[in-house]
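Some notes on the structure that comes next.
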Amino acid sequence: MTRLLKTAVPARTCWWLLAFFLTVTCVDLAAQQMPKEDYIRYVPLEYPRIVRQTDASRRFQLLGDPSAPGYRDVDPVDGIDDARGRVLQALGERFAPYLVQNTTSVPMDHRRFMDRAQTWPLYVDTWDLTRQPELVGEDRIDLVRLERDPCPNAQGAAASAVDDCRLLALLDEFDPDDPSHARAGTDARAPERDLFKVLYFNFPGHDDSSWNEEYTNAHSNTLAERYRDFVKTFVHPFIHEVTSNVDGSVSYELVLQYWFFYPTNDGGNNHEGDWEHLGVVVTPMSRVGQPLAAEDILGMLDGSALGDSADPLVIGRLDYYIHNHVMQLDLSQPNVYLPRAEWEAQVAAATEQVSGEKWMWRQLRRRAWVDEAETVVNTHPFGYIGADNKGTDQLLAMPGGKNRDSHATYPFAGLYKDIGPAGASEQVTSWVDFRAYLNDPDVLKKQPYGRGWIQRLDEAGRVEIVPDWERIQSLLRTDPAVRKRWSWLLLPLRWGYPATPSPFAGVVAHAETGNLAVVGPSYSSGWNKAGASGGFTPFAPHRFSGFFALGWQDTFVNDWGFLNATLPTLTILPPFDIVFRVLLAPVRVVAGRHESTFFHTERIPFRFIGLVGGIGDESIPSEFTALYANTEQLLQILQRIEEADSTLTSPLGEEFSREGRSVFGGISLFVGKSFVSENLVKHVTGVVGERIALAGQTEPFVTEADLDLWEYAGSLRYSLATDRMQPFGRAGWGWSWYRLRNVSTQGEPLPTPDSPWVNNFTWHFGFGLEFLPIKGTGRGFGGLDAGVRGEMVWYRHRLGADQIADPIILAAGQVESGSVTRRQLSLAITLSF
C-alpha cells in the first residue's frame, strides 16, 4: 500500500580526530638542547645593526659633558657623569613601573647569573658559509675571569689564552665604527672562506619543561626562591626630537625606556632570552600636552624639578610594546591632570576614534591619581606581564597549563586578539585595582612572586641606568671591570642558546620565525625610538566586553591543552552556544569578572549578536505518507476501503505532495567577521497524500493529510565577504519533530485524524546572499545593522516511519525508514548589533 525510500545514510563519528590530537601531543618536541649543526639552519646569516644615540641626546649632553671641568665618572664607571647619573637615577625610580604578574616570570638582572656562577661563558661559534654551513671553531670567553686575569700587553699565543684578551679582540671585530670582522664591516664576501660568528649566552634550561623546572616552584607555582632577588629593570633615557607637520617647528620629549630581561620565553613561540620594554614620556604637569622647548628639557635634567611640588614631573604618554606592536596611551588627550570637572568636559566633547576609547580614558584618569580625592599624583605606570596563549597550538599541547610566559607589557587585563605569533590571541587574566593597591598594598591577597602579584620596580636596587653604547665604547678598551659589566651593550650577541624547538619554527630558513634567542636592546629597532618605529606597528585597538567569545580561540582554556577541542569548542557551536552564551548569561554575570577584549582596528567584527526571521517555500517529499501506516490510522483507512465495497488492485498507490510553506526565526551569534553560529526554529506546513486504485472504481481512493513539522536547525555559516554584500555557505545539524494532521479519505477525516509524533536527527547545508543596506557604526542603536537575505538549503534526515508503523506491516517489510531530502528557498530579514 505504501511506497518508501529504501536508502538509509549510516551515521558516522570522527573519533579519529581526537586520536590525531592525542598522537601529536605525545610527541616530545624538545627532549634535549638543539644540536649546533641544527641551530644554524634558523639563524639569519647576517649581523643585526646597532642603533646610535639620538642627535638630541648628544646635543643636550643628556649623560653629561665629558669636556666640562666638573665631569666625574667614578661611581659607577658607566659613561655617565655621576651628578647627572643621580638625577637620571632619581627619575628612573620616580617613574619605575609596577608590573602585575600574569606569569611566574619577572624581569631579571642578567648579571646575577654571572655573579653567582663559578664560570659564565660568552659562547662564540665560528661557521664557514662558503658552501653548506660548517662549524669550524668554538670558543668560550669566561666573563667571571676578566677582572682577576686582565689582558696583559703580550701578543700572540700568550694573549689568545687569556679570556679578557679574546674579549678585547671580539670588541675590535665588532666595533660599530671600525669593525675588523669582514662580515661585520662590508657586504662583500670572500669566495674561498666566508666566516660567520654566532655569539650567545646560555641560560639554564633548554625548553619549556626544563625552564619551568628551573624557574618555578612546583609546589607553590611561584618564582623559585633562588631567583627572587634578581628582579630589576634597566632604564635607558634619551631625548626624542619631534618636528611639527604643520609649521616645521621642533620640540622635544624626555623618554625613559624601561627594558625588562627575561631568561626564557614560553608563549605562542619558544626561545631563550627575551628583552621587552615600556616607554615613559616625562613632562612638567603645567606642560602636559604641549611641545617642550630646549629649556624645558634642561630644566628637567638639572634636578630642580624633582622636588617641585608646584609643578611636578608627571607622565605625559606611555608606550606599551606588545610583541611587534606599540599601544600609545596619551594622558594629555584628555588631560588627566586637569580638575575633574574640566576633564569631564574634555571627555564629553571628544569623539571616540575607536570603540571603548572613553573607557580607556577613565582608566588612565583613575591610575593618574593615588587617592579618590585626586590630590596626590601617581608617577608609576602600571602594566601586566605575561599572557595566556590562546593559539591553535594549544590543540597540540597536553593539559596542565602551557605557553603562559609571553613577555609583552600589557596596559590592561583582558583578551588581546590576533596579537601573538601566527595570529594567536593572548589573555591577561590577573587583575588588580591599582588605586586600591596604591592606598593599601596589603589589599593584594596574592601569593608573593606568583600570578596576580605586583612587582614594584621602584624598590631599592631594582633600577639601573643604561647609557648609550657610544658613552662606554672607549672605556671598554681600558677597564676589564667595564668590559665585564657592559660589553653586552656593543656585541651583537644572542641572549640565550641561538634556537629552540618551537611551533611554526623554520617555515623560512635563516629567518626569524619565533624560535631565536633575541639580540640585545641596543640592536633592537625600539632603541632610542618613541612610539611606532621600524619593527613596531601602531596598535590602537577597539575595546569590547569580554562577556561573549568573539572567536574560536577566545573559548580556549590555557590549562586544557588538546581538550580545548571538546567543551570549550562546543560553547561556540549550536545549540550549546545558546545554552552557554545566552541562557546561562545571568549565571556568568554573578560568577565573576569579564574582562575586555581588544581588537586590531582593521580586524574588528562589526556584528556580535543578531535576530533573523523569514518565510520560505519548502519541498515536501511524498514519502511522508508512510506516517499514517500506524496501527490506528492504517486500520481506519482499510476499514474505509472495505466500506467502499471494493478491494485494492495493487499494494502500491500513487503518492503526491504539494509545496509547503515555512516560517522561521532565530538568533545569530557572530564569531569574528566571517563565522556565524545560527540557531533557528522553523515551522513547516504542507500537504501529502496517496491515490489508491480500487477494483470496480473509476476514481482513485484518495488519502490526504497536512504535514505538521517543527525543526531546530543549528548552523555554522561562513561569509565569503564581510562588507554590505555577503555571499555565504552554511551547514549544520538539528532535530525535527513531525506528524500528519487532519488525515482524511475521500475528504472525510478519520476518527483518529492525527498521527503520532516522529523525531529524527537532521543534517543540512546550503548557500545564500545577505545584503546590508543599513550598516551601523558605534555602539547601542547606532551600531544597528539591518539586512535581507535569500538562501537555498537542503535538509536530510531519516523518515522515521518505523517508529510508529503497524507491527504487522513493519514485519512484512512493507514499511522501511529510508532518508528524505527537503529543499527550502527562503527570504529573511536580519537585525544585528
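The values are calculated or read from the model by the stated rules, or taken from the named source; none is laboratory data. Since the model is a prediction, treat every value here as computed from it, not as a measurement. As a convention, Cβ positions derive from the backbone with ideal geometry for all residues, glycine included, and neighbour counts pool all protein chains shown. Areas reflect the complete protein model, heavy atoms only, side chains present, ligands, DNA and RNA absent. Shrake-Rupley method; radii C 1.70, N 1.55, O 1.52, S 1.80 Å.
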Wholly enclosed strands (runs of 3 or more DSSP E) of the stretch 374-458 bearing at least 3 residues buried (at least 18 other Cβ atoms within 10 Å of the Cβ), on the phi < 0 side of the Ramachandran plot and not hydrophobic (A, V, I, L, M, F, W, C): 388-390, 425-428
Show the residue pairs that are 6+ apart or on different chains and have beta-carbon atoms under 6 Å apart, the first residue being within the stretch 79-106 and of a type in the set (G, A, S), the second being in a loop (DSSP other than H, G, I, E, B) and surrounded by fewer than 22 Cβ atoms within 10 Å (Cβ to Cβ). A96/D458
Residue hits (the stretch 660-701; within 24 Å of F833 (Cβ to Cβ) and β-branched (V, I, T)) are V663, I667, V671, V676, V681
Scanning the stretch 686-707 residue by residue, the ones that are without any contact (Cβ under 8 Å) to a residue 40 or more places away in the chain and either surrounded by 17 or more Cβ atoms within 10 Å (Cβ to Cβ) or farther than 16 Å from F656 by Cβ (or both) total 2
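So in the stretch 230-275, with the set limited to residues that are out of contact with any Lys or Arg (no Cβ under 6 Å at 6 or more places or on another chain) and of a type in the set (D, E, K, R), which one is surrounded by the fewest Cβ atoms within 10 Å (Cβ to Cβ)?
Only one residue fits best here, namely D247.
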Can you pull out the residues in the stretch 194-229 that are open to solvent by 20 Å² or more (accessible area, probe 1.4 Å), touching a residue at least 12 places away in the same chain (Cβ under 8 Å) and part of a helix (DSSP H, G or I)? D208, S209, N212, R228, D229
Test of understanding: among V74, V43, V51, V27, which residue is modelled with pLDDT under 50 and either open to solvent by less than 100 Å² (accessible area, probe 1.4 Å) or charged (D, E, K, R) (or both)? V27
Residue list for the stretch 321-360, restricted to those being part of a helix (DSSP H, G or I) and in contact (Cβ under 8 Å) with a residue 12 or more places away in the chain: R340, W343, Q346, V347, E357, W359, M360
Could you please find all residues in the stretch 407-426 being over 13 Å from N558 (Cα atoms) and among the small types (G, A, S)? A408, A413, G414, G420, A422, G423
With (1) hydrophobic (A, V, I, L, M, F, W, C); (2) closer than 30 Å to L318 by Cα; (3) modelled with pLDDT under 75 as the list, and F544 as the residue in question, which single condition is left unmet? (3)
Out of all the residues in the stretch 295-318, which are under 15 Å from G92 (Cα atoms), open to solvent by less than 20 Å² (accessible area, probe 1.4 Å) and in a helix (DSSP H, G or I)? M300, L301, A305
So which residues in the stretch 107-151 are among the polar types (S, T, N, Q) and either touching a Phe, Trp or Tyr at 6+ places or on another chain (Cβ under 7 Å) or in contact (Cβ under 8 Å) with a residue 24 or more places away in the chain (or both), if there are any at all? Q118, T119, T126, T130
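Residue-wise test of (1) of a type in the set (D, E); (2) at pLDDT below 85; (3) over 30 Å from the mean Cα position of the chain (by Cα).
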{"residue": "V162", "(1), (2), (3)": "no, no, yes"}
{"residue": "R166", "(1), (2), (3)": "no, no, yes"}
{"residue": "A169", "(1), (2), (3)": "no, no, yes"}
{"residue": "S180", "(1), (2), (3)": "no, yes, yes"}
{"residue": "L195", "(1), (2), (3)": "no, no, yes"}
{"residue": "F203", "(1), (2), (3)": "no, no, no"}
{"residue": "S220", "(1), (2), (3)": "no, no, no"}
{"residue": "D229", "(1), (2), (3)": "yes, no, yes"}
{"residue": "T233", "(1), (2), (3)": "no, no, no"}
